[in-house]
Every structure is written in C-alpha cells, then in structure tokens.
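Please treat every number below as a calculation from the coordinates, not as lab data. Keep in mind that this is a model prediction, so the values were computed, not measured. Please note: Cβ atoms are built from the backbone with ideal geometry, for glycine as well, and neighbour counts cover all protein chains shown.
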Amino acid sequence: MFLHLDADSPIFDNFTDPAAGPNTPHIEIGFGAGSPIVSASTSNFVGSGLLAVTSTMSRSIRRQTTDLLDHPVIDLGLLTSEFDIFAAREALRRALRFFATPTWDGYLLVPTVDLANMTTAELDQYICNTTLGSYHLAGTAAMTAGDAGWGVVNSDLRIKNVTGVHIIDAFVSPILPSAHTQAPTTISCPVTLLVGNPCPQKYYVFA
C-alpha cells in the first residue's frame with residue numbers, strides 16, 4: 001500500500017516536499033503473514049513492513065583502503081533526516097489505523113507491541129531501535145552528465161573514463177525511485193540501444 005503524506009503535514013513547514021508530485025508516495029506499507037519481531041511457534045501473526053520511499057537522508061559509499069578488492073565503507077544514513085523520522089512515524093500511525101478497521105474484528109486479538117499508546121518520543125525510540133535498510137538498494141553507481149566531475153556512469157551507462165564497460169543495475173539510478181526498483185532496472189539495457197549502443201558485451205550486474 002503506497003501513501004502520500006497530507007499536504008498540510010507540519011513537516012512541510014521545514015522541508016520541501018521531496019515527492020515528484022501529488023500522486024507520488026512518501027511511504028509504503030507492506031503486509032505479510034508472521035512477525036519479524038516476535039518468534040512463536042504456537043501463535044499466528046500478521047505483520048507489516050513500513051518503508052520511507054522518498055527519503056531525504058544523505059548516504060555515502062567510499063573506499064577504506066587503496067585496495068579495490070577491500071570492502072567499502074557504506075553509510076546508509078538511516079534516520080539522519082527529521083523528514084524520514086516523521087515519515088516513519090506517520091507510516092506506523094497509518095498502519096495502526098488500518099488494523100483498527102472493523103474488517104479485522106475477530107481476526108486480530110492483541111498487538112505484539114502496544115504502539116497505539118506510545119508517546120511521540122516513545123514511537124521515535126521504537127523506530128530507531130527497529131529500523132534497517134530495505135532490499136531495494138540503488139544509487140551507489142550514480143549516472144550523471146558526461147561532463148560532470150562526479151558520478152560513476154554517463155547517460156549511456158558507460159563507466160566514466162573506462163572503455164567498453166557498462167553498469168546495468170539499479171545502482172546507476174541518480175536518485176531513489178519512489179517505488180520498487182525492478183522496472184527502472186529492467187529498462188537499463190534498452191536504454192543503451194536508444195542511445196545508439198548495442199547491449200554491451202562487458203557489463204556488471206550487481207542485483
């Protein structure tokens with residue numbers, strides 16, 4: 001379930017709306033059987049995963065040594081933006097409202113965590129204690145203009161200053177899409193055709 005924050009949300013007093021438009025979601029609420037927090041073999045659970053899909057956090061990836069084969073230092077920047085904390089808090093509250101509808105009467109008995117009665121400060125602490133990165137990572141090999149002094153690939157997906165090697169993966173996205181990354185990744189190879197290049201013989205796929 002994808003949702004847009006209310007236009008009069010107080011967070012917009014201090015932040016410009018990062019969404020691409022009025023129909024672009026800020027948050028995603030996914031549902032599934034089971035609970036990622038509580039493990040019990042004798043009970044049944046319905047759980048939800050909450051995602052901030054228009055994040056304003058600053059992320060970075062850098063080398064830690066001169067050896068290119070060493071693992072990089074990756075900083076996801078989780079919850080370093082007040083906007084992201086607000087969006088996560090709002091996602092929690094909307095999920096609670098969803099589960100409080102009459103549709104669930106007789107199915108849901110008690111919550112595993114009493115989020116409904118938490119203060120804002122307690123909710124924020126809960127968010128900080130349970131947040132982690134999601135599976136749709138993107139942007140670590142960002143595409144930029146050919147004459148840009150930063151970025152990893154040009155608009156034809158060729159690695160800057162490297163001959164004959166492309167990157168075809170969600171990592172070339174210069175920004176995080178406000179959705180799942182499958183569609184943008186799938187069109188990466190056709191993009192090379194549109195700019196007059198055949199799908200490369202040498203490419204990296206990091207998915």
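For the condition closer than 30 Å to PRO184 by Cβ and either more than 15 Å from the chain's Cα centre (by Cα) or of a type in the set (Lys, Arg) (or both), PHE83 does not qualify.
Exactly one residue out of ALA141, ALA116, ALA121 is of a type in the set (A, V, I, L, M) and closer than 22 Å to PHE31 by Cα: that is ALA116.
For the stretch 77-106, taking the residues that are β-branched (Val, Ile, Thr) and touching a residue at least 12 places away in the same chain (Cβ under 8 Å), the one that is surrounded by the fewest Cβ atoms within 10 Å (Cβ to Cβ) is identified as THR80. When LYS160 is tested against (1) without any contact (Cβ under 8 Å) to a residue 24 or more places away in the chain; (2) surrounded by fewer than 14 Cβ atoms within 10 Å (Cβ to Cβ), exactly one condition is not met: (2).
Scanning the stretch 163-173 for residues that are surrounded by 15 or more Cβ atoms within 10 Å (Cβ to Cβ), out of contact with any Pro (no Cβ under 6 Å at 6 or more places or on another chain) and not small (Gly, Ala, Ser) returns ILE167, ILE168, ASP169, PHE171, VAL172. Selection of the stretch 107-125 for residues being assigned to a helix (DSSP H, G or I) and touching a residue at least 24 places away in the same chain (Cβ under 8 Å) yields THR120, LEU123, ASP124. Taking the condition exposed (fewer than 12 other Cβ atoms within 10 Å of the Cβ) and in a loop (DSSP other than H, G, I, E, B), does LEU137 pass? Answer is no for this residue. Between ALA91, ALA95, the distinction of being within 25 Å of ASN44 (Cα to Cα), assigned to a helix (DSSP H, G or I) and in contact with a Ser or Thr (Cβ under 7 Å, 6 or more places away or on another chain) belongs to ALA95 only.
Checked against (1) surrounded by fewer than 17 Cβ atoms within 10 Å (Cβ to Cβ); (2) touching a Gly at 6+ places or on another chain (Cβ under 9 Å), SER48 meets all criteria but (1).
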